[in-house]
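One structure is given below, encoded as structure tokens.
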Amino acid sequence: MDYSVTIENGILGLLGPNGAGKSTLMKIIATISQPTTGTIELDGHDILKDPDYIRKILGYLPQDFGVYANLNAYEFLEYIAAMKGVGGPNLRQRVEALLEGVNLTDSAKLPIGTYSGGMKQRIGIAQALLNDPKILIFDEPTVGLDPEERMRFRNLISDLAENCIIILSSHIVSDIETIADEVAIMKSGTLLTKGTQAEVIKQVQGKVFEIYLDNADLTDFKAKHMVVNTTRQKDTVWVRFISENPVKGSTEALALLEDAYLYLTHNKG
Amino acid sequence: MEQFYKIVRFDYLQRTRSYAFLVTLAISLYAAYSFIPAPGSNYTTLRIGDYLGVQNSAWIGYVTAMMSSVFLTMIGFYLVNSNIKKDVDTGVGMIIATTSISNFHYLLAKAWSNFMVLLTITGIVFIMGVALFFARSHGYPFEIMQFILPYLFITVPTIFFIAALAVVAEVFLYRYTVIMNVGFFFFFIATSVLQTNVLPIFDLFGFAQVTAHMQDIVASQYHQKINTVSMGFVFDQKKAFHFFVFEGIRWSLSTVLVRISLILFGLVIVFISSKFFHRFDIKERYKVKKKTKSLESIPQARILNEIRLSALPAITPSYKIMPFIKTELLMLIRKGPRWLWVINLGGMIALIFAPIPAAHQIVLPILWFLQVGRLSDLATKEKTNRIHYFSYASYKPLTRLLPAQIVAGIVLLLVLAAPLLIRYLVEIQFLPVMSIIMGGAFIVLFAVAFGILSGGKKLFEILFFLFTYSNIELVPYADYFGGMNHGPRYTELIFGLIAFLAFVSFMLRKREMARV
């Protein structure tokens, strides 16, 4: 990886294909992995030299985390609280409030080994909020959540962003699109672009088109243009594509973050 | 057939390309070196009464093959008994379940790859045996068949059977690894005892006829009928041994058939087990207490409620180590089947009523070995459970979490040893008390260091088994808990080892955390 990024309060959405380095970047910021070169500073402190500076105020939800299957939710969260160096007389109430928040109160006394994937993901969200975090790192947080839970989670993140730095990665562009103040697009360990959604989308403005084609022409069209989306109808197919110049019969469409993501990851890096 | 070959090949490759396997090979190499004691050593590995064979091709070939047979039975099972579990853990099993491979062929492939792993170790021992011949046998001719035949007819059938037994054990006891590990320990001891009966049917190690022939040679050369055959590491004061010339045995058809029948028996038990194989359709393991709500009654698709951080009860900084110790102890206690605690309780009662030497030398190491499943992943469970993402990003993980794990492990062992400790204290004997405390600390740190070093629990399980068995056999150098009363100097040595293991554990964990 070779770039510099400054992050302030609000939500930074990380987008990038598999292998782009999103998780690696998040692990480095979370002090789990060490970069080969470079520095990471938080309010002027070098957190590579003093990782405990960030750890006290960090909430991290990894992409592929596990649990101790024979602990229940209370025990697991209190164990994580000990790891984070937080406690006090209110810890139990805070754990209960978080379990209520992630809607696991009813199953909180069952071994976590019995939980479904979505329930484990909610335990992950609860642990990230245990220590009053000022920096929250969510790596693919909506995996395992159903559509309604995803919506709720996005709302939760928006609320949290008032007083925190939130770094969020996702494969689902719409997750980022609805909540991120800023977007960074990565590919193969490099930063392709970073800016507000409007700034990122601007890069593909005037290059997104829609056209109706005969079904038989689609394969040939795909070979020549970067197709974003297709919808088959009876004999025709509606195609949304990105091109430097319009194609005969096409109409310009409003560019979205997904268009910018595809355009940048295919043409840069 | 191609599926079968590929499973064997890739299974073998992924298991032998690990750091733990390299360490195992290094240990095997050292073990092989010790199979033929150097002249003047204070131990023997095979002797007929006070008679030893001269170190010619046959003696070195047969003794190393016989010792390999015992050694690989001892450690081989522990080395290969998680072959199917790996497919369960990685999810590869779910893919295999959807393929056309039959249960029998899948299990046979697993047994075969187990066998290949053990055969690789056998190969290392074989090479070391030949090297020892050239280093030790002065003037005797090199006869390659005196090496090949014993390995072929003694070691190979035994390790094939162990490879098959490991698969069968996994099929029937996949939920009960503690029973598997501890059960094999007792199976091995029982087999060793039955071996002395010299009944061919119980001759798992395959050397009854060889030792009988050696007894005959001694009887004819020295006109003495010797009934005592000492096999294994026997330490004692240097004796003036007499020597006899052993030229190998004639492998009769019936003897070879008996050995081949062991391979066939292995195949038969794999075939039978294939009828009971779960084929990765594994039901939920965790039982829900009757009194608590069952998971089915809880709507799982419940959505997130509102969470306002500012409205949550305030927490304060707390860097205490006690919450860690408490949870680590809780996990240690809950691990494994509950009935194991009944056996633990039986062991503790035995520590109260058994004569003190037996309680200390025999009951205590077995009672501690029963905790092998609990100790073996003490410091590796974060990685295997993928909790390390939390723990390595936690506040001062090196100086808080790791010490808590070590303390919890020691507390568990000392609670189990409490009846014996109290008996010693009542008798005002402080040195054994100190020895037991240090023994607990030693084995816990040994588990931690070897766990982090190898990245898994296998290596520790094998070495803990070797330690325990050696202690029951009263091998003095394996006595880590002062069962043989070596005196204060020995306590100092163990203390030094504890300090070394603690240092190594912290350094390894530090390095591990920097390499995630």
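The values are calculated or read from the model by the stated rules, or taken from the named source; none is laboratory data. Everything numeric here is computed off the predicted structure, so don't read it as measured data. Ideal geometry is used to build each Cβ from the backbone, glycine not excepted, and the neighbour counts take in all protein chains shown.
In summary, B:PHE126 fulfils each of the numbered conditions (1) on the phi > 0 side of the Ramachandran plot; (2) in contact (Cβ under 8 Å) with a residue 24 or more places away in the chain with the single exception of condition (1).
Of the residues examined, A:ILE11 is one that is more than 10 Å from every other protein chain (Cβ to nearest Cβ), in contact (Cβ under 8 Å) with a residue 40 or more places away in the chain and within 21 Å of the chain's Cα centre (by Cα). It is to be established whether one or more residues within segment B:161-175 are among the aromatic types (Phe, Trp, Tyr) and farther than 23 Å from B:MET67 by Cβ. Scanning segment B:161-175, I find at least one residue that is among the aromatic types (Phe, Trp, Tyr) and farther than 23 Å from B:MET67 by Cβ, so the answer is yes. Once segment B:41-81 is narrowed to residues that are among the aliphatic types (A, V, I, L, M) and touching a strand residue (DSSP E or B) at 6+ places or on another chain (Cβ under 8 Å), the residue that is farthest from B:ILE162 (Cα to Cα) is B:VAL54.
For segment B:249-271, a residue qualifies if it is free of Cβ contacts under 8 Å to residues at least 12 places away in the same chain and either touching a Lys or Arg at 6+ places or on another chain (Cβ under 7 Å) or β-branched (Val, Ile, Thr) (or both), and exactly one does: B:VAL268. Quick check: is even one residue across segment A:247-261 part of a strand (DSSP E or B), surrounded by 13 or more Cβ atoms within 10 Å (Cβ to Cβ) and either among the hydrophobic types (A, V, I, L, M, F, W, C) or at pLDDT below 90 (or both)? No - not one qualifying residue is present in segment A:247-261. Restricted to segment B:407-457, and to residues there that are in a helix (DSSP H, G or I) and of a type in the set (S, T, N, Q), the residue that is surrounded by the fewest Cβ atoms within 10 Å (Cβ to Cβ) is B:SER454. Scanning segment A:92-115 for residues that are free of Cβ contacts under 8 Å to residues at least 40 places away in the same chain, more than 7 Å from chain B (Cβ to nearest Cβ) and not in a helix (DSSP H, G or I) gives A:LEU104, A:ALA108. Just one of the listed residues (B:VAL218, B:VAL168, B:VAL182) is under 30 Å from B:LYS335 (Cβ atoms) and over 17 Å from the mean Cα position of the chain (by Cα), and it is B:VAL168.
Yes/no per residue for (1) exposed (fewer than 14 other Cβ atoms within 10 Å of the Cβ); (2) closer than 26 Å to B:TYR30 by Cβ:
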| site | (1), (2) |
| --- | --- |
| B:VAL171 | no, no |
| B:PHE205 | no, yes |
| B:GLN221 | yes, no |
| B:GLN224 | no, no |
| B:LYS239 | yes, yes |
| B:PHE246 | no, yes |
| B:THR255 | no, no |
| B:PHE276 | yes, no |
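Within the option set A:PRO133, A:PRO89, being more than 7 Å from chain B (Cβ to nearest Cβ) and free of Cβ contacts under 8 Å to residues at least 12 places away in the same chain holds for one residue only, A:PRO89. Of the helices (runs of 4 or more DSSP H) contained entirely in segment A:1-86, those carrying at least 1 residues that are under 28 Å from A:ASP259 (Cβ atoms) fall at A:22-29. Reported count of residues in segment A:68-81, each being under 27 Å from the mean Cα position of the chain (by Cα) and within 7 Å of chain B (Cβ to nearest Cβ), is 5. No other residue among A:ILE185, A:ILE176, A:ILE201, A:ILE167 is more than 16 Å from the chain's Cα centre (by Cα) and surrounded by 21 or more Cβ atoms within 10 Å (Cβ to Cβ) apart from A:ILE201. Filtered by the rule that a residue be in contact (Cβ under 8 Å) with a residue 60 or more places away in the chain and either at the interface with chain A (Cβ under 8 Å from one of its Cβ atoms) or in contact with a Leu (Cβ under 8 Å, 6 or more places away or on another chain) (or both), segment B:314-326 gives B:TYR319, B:PHE324. B:VAL80 falls short of the stated requirement of being closer than 26 Å to B:GLN3 by Cα, in contact with a Lys or Arg (Cβ under 7 Å, 6 or more places away or on another chain) and modelled with pLDDT of 90 or more. Based on this model, can you work out whether B:VAL193 counts as in a helix (DSSP H, G or I) and surrounded by 21 or more Cβ atoms within 10 Å (Cβ to Cβ)? No: the conditions fail for B:VAL193.
Here is a yes/no grid of residues against (1) farther than 29 Å from B:TRP339 by Cβ; (2) modelled with pLDDT of 95 or more; (3) of a type in the set (Gly, Ala, Ser); (4) within 22 Å of the chain's Cα centre (by Cα):
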{"residue": "B:ALA379", "(1), (2), (3), (4)": "no, no, yes, yes"}
{"residue": "B:HIS388", "(1), (2), (3), (4)": "yes, no, no, no"}
{"residue": "B:SER391", "(1), (2), (3), (4)": "yes, no, yes, no"}
{"residue": "B:VAL407", "(1), (2), (3), (4)": "no, yes, no, no"}
{"residue": "B:ALA418", "(1), (2), (3), (4)": "no, yes, yes, no"}
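Can you name every residue in segment B:365-401 that is more than 23 Å from B:ARG334 (Cβ to Cβ) and either in a helix (DSSP H, G or I) or in contact (Cβ under 8 Å) with a residue 60 or more places away in the chain (or both)? Once the filter is applied, which keeps residues that are more than 23 Å from B:ARG334 (Cβ to Cβ) and either in a helix (DSSP H, G or I) or in contact (Cβ under 8 Å) with a residue 60 or more places away in the chain (or both), segment B:365-401 yields B:PRO365, B:TYR392, B:TYR395, B:LYS396, B:LEU398, B:THR399.
Across segment B:327-339, the number of residues qualifying as within 7 Å of chain A (Cβ to nearest Cβ) and either more than 30 Å from B:GLY183 (Cβ to Cβ) or small (Gly, Ala, Ser) (or both) comes to 0.
Table: residues versus (1) in contact with a His (Cβ under 8 Å, 6 or more places away or on another chain); (2) under 26 Å from A:LEU191 (Cβ atoms); (3) of a type in the set (S, T, N, Q).
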{"residue": "A:ALA216", "(1), (2), (3)": "no, no, no"}
{"residue": "A:LYS234", "(1), (2), (3)": "no, no, no"}
{"residue": "A:VAL247", "(1), (2), (3)": "yes, no, no"}
{"residue": "A:GLU252", "(1), (2), (3)": "no, no, no"}
{"residue": "A:LEU256", "(1), (2), (3)": "no, yes, no"}
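All conditions but one from (1) at the interface with chain B (Cβ under 7 Å from one of its Cβ atoms); (2) in contact with a strand residue (DSSP E or B) (Cβ under 8 Å, 6 or more places away or on another chain) apply to A:PHE153; the one that does not is (2). Can you spot a residue in segment A:121-131 that is among the small types (Gly, Ala, Ser), at pLDDT 85 or above, in contact with a Gly (Cβ under 9 Å, 6 or more places away or on another chain) and part of a strand (DSSP E or B)? No, segment A:121-131 contains no residue that is among the small types (Gly, Ala, Ser), at pLDDT 85 or above, in contact with a Gly (Cβ under 9 Å, 6 or more places away or on another chain) and part of a strand (DSSP E or B).
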